[in-house]
Structures are given as C-alpha cells and as structure tokens.
Amino acid sequence: MTLTNTELRIAVLPGDGIGVEIMDACLAVLGALERKIGGYRLATEVLPGGAALYRDTGTAFSDENFRKTEAADAILFGAMGLPDVRYPDGTEIAPHLEMRRQYELYAGVRPVKAFPNCRAPLADPRAAQIDLVILRESTEGLFASRGKGVVENDQVARDTMVITRSTCERLFDFAFRLAARRRARGGQGRVTCVDKSNVFVSMAFFRKIFDERAGRFPELRADHHYIDAMALDLVRKPWDFDVLVMENMFGDILSDLGAGLVGGMGMAPCAEIGPQHGLFQPAHGSAPDIAGRNLANPTAMLLSAALMLDWLGERHDLGACSEAAQRLESAIEDGYRSGAVHPIEQGGSQTTTEVAKAVIQLL
C-alpha cells in the first residue's frame, strides 16, 4: 500500500433527531480510524439542515450548503425529518431527496448482512449466511412524481412512473460490476432483476434493458423475480440471493424488509452513488421518540461510513481508505461476535456513545 497525505472533503449533515447522536459517534470512530491507518485525512464540515431548521427559519437547507455538498468529495448524512414538521403540501422535509435528483444519485446501495448475536426473526440456521445487496434506483421510477402529482377535482389523484433507458443502463452495469466485486470477495456473482413486468409496460421495458446489459457480463449469473415473489422469498430463503436490482419504490419497501431480517433499521446502511457524487447514510429515520437519550444504535451509521471509505478508496485509488473501510467493518463484526458491541436495540445495554467507544477499542 502506498501512503499519501490526501485530504478528502466530507460534507457532514447530522440533521434531526438521532441523526445528531449517531453522527457524533461516527465522527469519533472515523477520527480514531484515521489516526490508526494514516495515509489520508478527512476534512469534515458540519452543515445544518433538516426539519428543525425549516421549522425555525423557513429553510430546510440553504443554497450555500448545497454548493458545499456539491464541492465535497463525499456527503455523510445522519437523518432528516420530524413527524410534526411538513411542507405546505404535506410532504416531509427531505433535502437529500433533492440531492438525489441534482447529483444523479441513481444507485442506492442497501447492504443486508447478518451480524452475529443480533435479534433477527428467522430461526433457520442459514439466516446467519444472509449477505445480499438491494440496489435501488433512486432518481426516477414512481419517485419521479415527487412534487408533480396531481389531484383532479378532489376525485382522482395521479402519479406517474418514469423508467428511462439511460438510467437503467447505468444502473444495471453498476449492479453487474458490484456483483463482480462481491464474487472476488467470495460472493455468488449473481444479479436478480426484481420487477412487475407481467403487468406494467414500464416494468417490461426495465426487464428488457436488464437482459440486454446482462449480455455484457457473461461470466455472471443473471435472473429475474417478480416483486411479490421476491417479498415472499426474502422471508423464505434470503440466503439464496446476492445483488437484487429494482425500481425506486420497490427498493424503498424491500430494503426495510431486508433490515428486519438482520435485526432492524439500526443495522441498515446505505450508499447513494452517482457519476460524480456519493451520499452515505443509515437507511433509518430520525426516530424522534428516542432522540436526545443516547439510545440509538449507531451501527448503520458506522457501516455507511465504511461504505464511504470504500467508495473513496476506489474512486481516488487510495489504498489507505480501502483498508480503513475493511478495518471498520471487521471491527464491527468482531464486536458483535464477541459481545464487545451489544447495543440496546439488540438486547444489550450499550448506549450510542458506548457502542462507538467499543468499536474504537476494537480498531
């Protein structure tokens, strides 16, 4: 490994509720990891935004801060939104949804991995082998109607599904490259297209493009599943799957199901990747019912940070970042296996801060 002194600018958006607490824990771990590994430096800048800011100022995220996220090497995101704060049209405060659009964050990478000693619902011993990725297209699909839906005469509401060839092609290529990387690390090398092509023209188009792009990766296995059957089989036999690629709304739903299979939303990291930008966040929300009490499980936040380091390492050819990503994920997994990491969400007694301290010790 060649050591460098590369500085990477990280825009940090703690947001609302437990987002603030888990981000504090994450930054502490990232600081310790940086000192341990060396060879790179994360120059972090905390940027205010979210529902509380909107409630107090009328602005959820300033134009200046949007410019800062655009200029950053990566965006590290906590959680935004509060149940009692809404835009006038009733929708939630979610600046990151606008970032998905502006920065073309088309690939929503949602790992679903079983960690030892977690409170997961499946009794089958094979559940310990769950290690798949839900790849959610994040810029179009049904979500393309965000802010554009209409209600006609208080009688009919209409939203529109949008599937484009250009987005599908890069999404499917991303899926196959991801499966190839995972196979190099012992994965199956399998990509499953999840759709409803037996009913919707848009989904038949989605599958058609998937099959076209699969031909560019003959060394990998490509197959299909209808969305309803996929929901069933994620409960029956999730250990069978590797990379599942799907439309926006389908991915939004199944990624929560996947999190439930491995112990809850506190175990659900996410990377949102575009041509030039990457945003990394836990898939859970701001959990205002436990905010400010130091109870939140920061594991999803820490695993999202590991995804960020891995992406930065690959993007900038920085072996130190790639090593840091592997070291962080290994420390978390070792901590769960040994019991050194046992957050309250998983039946333990460790607070948010104590989980972070335990991971730092394991590094």
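Bear in mind that the values in this text are calculations on the coordinates, not laboratory data. Computed from a prediction, not measured in an experiment: that's the story for all the values here. No Cβ is skipped: glycine too gets one built from the backbone with ideal geometry, and neighbour counts run over all protein chains shown.
For the chain, the tally of Lys pairs with Cα-Cα distances below 27 Å comes to 9, considering only residues 8 or more apart or on different chains.
Distance from the Cα centre of region 218-264 to that of region 119-194, in angstrom? For region 218-264 versus region 119-194, the Cα centre distance is 8 Å. For region 129-134, backbone phi angles converted through the Karplus equation (6.51, -1.76, 1.60; θ = phi - 60°) give residue-by-residue couplings of 8, 4, 7, 10, 10, 8 Hz, Gly and Pro being listed as x.
Of all DSSP beta bridges in the chain, what percent run antiparallel (nearest 5)? Mind dumping the intermediate values first?
Numbers: 20 of 49 bridges.
Taking every DSSP beta bridge with both residues in the chain, the antiparallel ones total about 40 percent.
Considering only LEU254, LEU302, LEU122, the mean-square fluctuation computed in a Gaussian network model of the chain, springs between alpha carbons under 10 angstrom, is largest for LEU122. As a rough footprinting exposure proxy, the listed residues HIS342, HIS284 were ranked by other beta carbons within 10 Å of their own, and the order from fewest upward is HIS342, HIS284.
For region 144-279, state what percent of all Cα-Cα pairs lands in each successive 5 Å bin, counting from 0 Å until the bin that includes the largest distance. Spelled out bin by bin, region 144-279 gives 2, 9, 16, 20, 22, 16, 9, 4, 2, 1, 0, 0 percent. Here is the list for region 199-257: GluC sites (Glu not before Pro) lying in DSSP coil, each with at most 11 other C-beta atoms within 10 angstrom of its C-beta, are GLU219. Measuring max minus min along each principal axis, the C-alpha atoms of region 242-338 give extents of 41, 37, 27 Å (largest first). Residue-normalised convex hull volume from the C-alpha trace of the chain: 143 Å³ per residue. In percent, rounded to a whole number, the relative contact order of the chain is 23, using alpha-carbon pairs under 8 Å and six or more apart.
Which residues in region 139-153 have a backbone N closer than 20 Å to a point placed 7 Å from the Cα of ARG181 along the Cα-to-Cβ line? Of the residues in region 139-153, 139 have backbone N under 20 Å from the label point off ARG181.
So for region 211-363, averaging the separation of alpha carbon pairs under 8 Å that are six or more residues apart and normalising by length, what relative contact order in percent results? Relative contact order for region 211-363 comes out at 16 percent. Most tightly packed first, judged by the mean number of other beta-carbon atoms within 10 Å of their residues, the peptides 85-92, 227-234 read 227-234, 85-92.
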